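First the structure, in the form of structure tokens, and then the observations on it.
Coordinate-derived values only; no laboratory data. Note that the structure is predicted; figures quoted are calculated from it, not measured. Cβ coordinates were reconstructed from backbone atoms using ideal geometry, including for glycine residues, and neighbour counts include every protein chain displayed.
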Amino acid sequence: MFDWIEKYKFGIIATLMAYIGIFMYLQMDTYEHYFEIKAFNESAYVDDKEEVEVDKDNIQVPQDFQTGEIKNMANDVNDTRDRSYENYAYNNNAADVEQSVRDLEKQFYNEAGGDAERKKIEQQMKDRQDQQTTSSKTNPNTTPSNNGGDVAYKGKTMVDYSLKDRQPFQNNRWYVRNPGYTCGYGSGVVVVDIKVNQNGNVTSAEYNPAKSNGASSCMIEKALKYAKMSRFAYSSKAPTAQSGWIQYTFVSQ
């Protein structure tokens, strides 16, 4: 038997492989499988839920509600005066500011070391008075805009600023300049961090993106420019580089 297997071993192997191949071929077949991909939005539909009717009698409006009107003016967020939407004064109490300036000049005059220095201070006082007179003639915002006396505006303004214990130059908020209408279409809010020296000049202005909203390149450029143009009152008690901020609201035209 072994001799027979040895003699026909190649034929036996070929026959087995042929049988295995035929068996596998007969067992194999091709299956086609289809699956449907559903559309993201099959069709439009109309919500058949009943609409809720809003009656004006059911709307509650807070007493201090204000419309979207925004005033073209500057607002000191540290202003402690009472506030009103209608009866207000644009600037702070001018008498108090003028008195503080006089007291400061008097202090400088008394501490002056000689006649030449005293004459210099007297000339500076005269120049300041002349400058204030000229400014009051050329700039209508030097006087209060309404008859509100010592009352601040309560509503939303295009410029808000914070510089602790400092007033705008000559107590006139016109000197905190407003670029809110200079960028045409588009609205946004730009916050600029500033540093002011004792003379009241803005020595540094940096855009604060974290506190700004919807700011375009034009708004940022104008805000930085107008922040550097702003001017505040002199203060001998202020740091040499006092930190503050100005927020500009730009209004679409």
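Per residue and in cubic angstrom, what volume does the convex hull of the Cα atoms of the stretch 140-240 have?
Dividing the Cα hull volume of the stretch 140-240 by its residue count gives 124 Å³.
On full extension of the chain, what length is gained from Glu36 through Phe23, given 0.36 nm per residue of separation minus the C-alpha to C-alpha distance?
On the way: separation 13, 0.36 × 13 = 4.68 nm, distance 3.49 nm.
Once the chain is fully extended between Glu36 and Phe23, it gains 1.2 nm.
Going by average Cβ density within 10 Å per residue, which order do the peptides 208-219, 163-174, 4-15 take, highest to lowest?
By packing density, highest mean first, the sequence is 163-174, 208-219, 4-15.
What FRET efficiency do you get for Asp193 and Ser252 if R0 is 35 Å and r is their Cβ-Cβ distance, rounded to the nearest 0.05? Let's see the in-between values first.
Numbers: r = 25 Å, r/R0 = 0.72.
That gives a FRET efficiency of 0.90.
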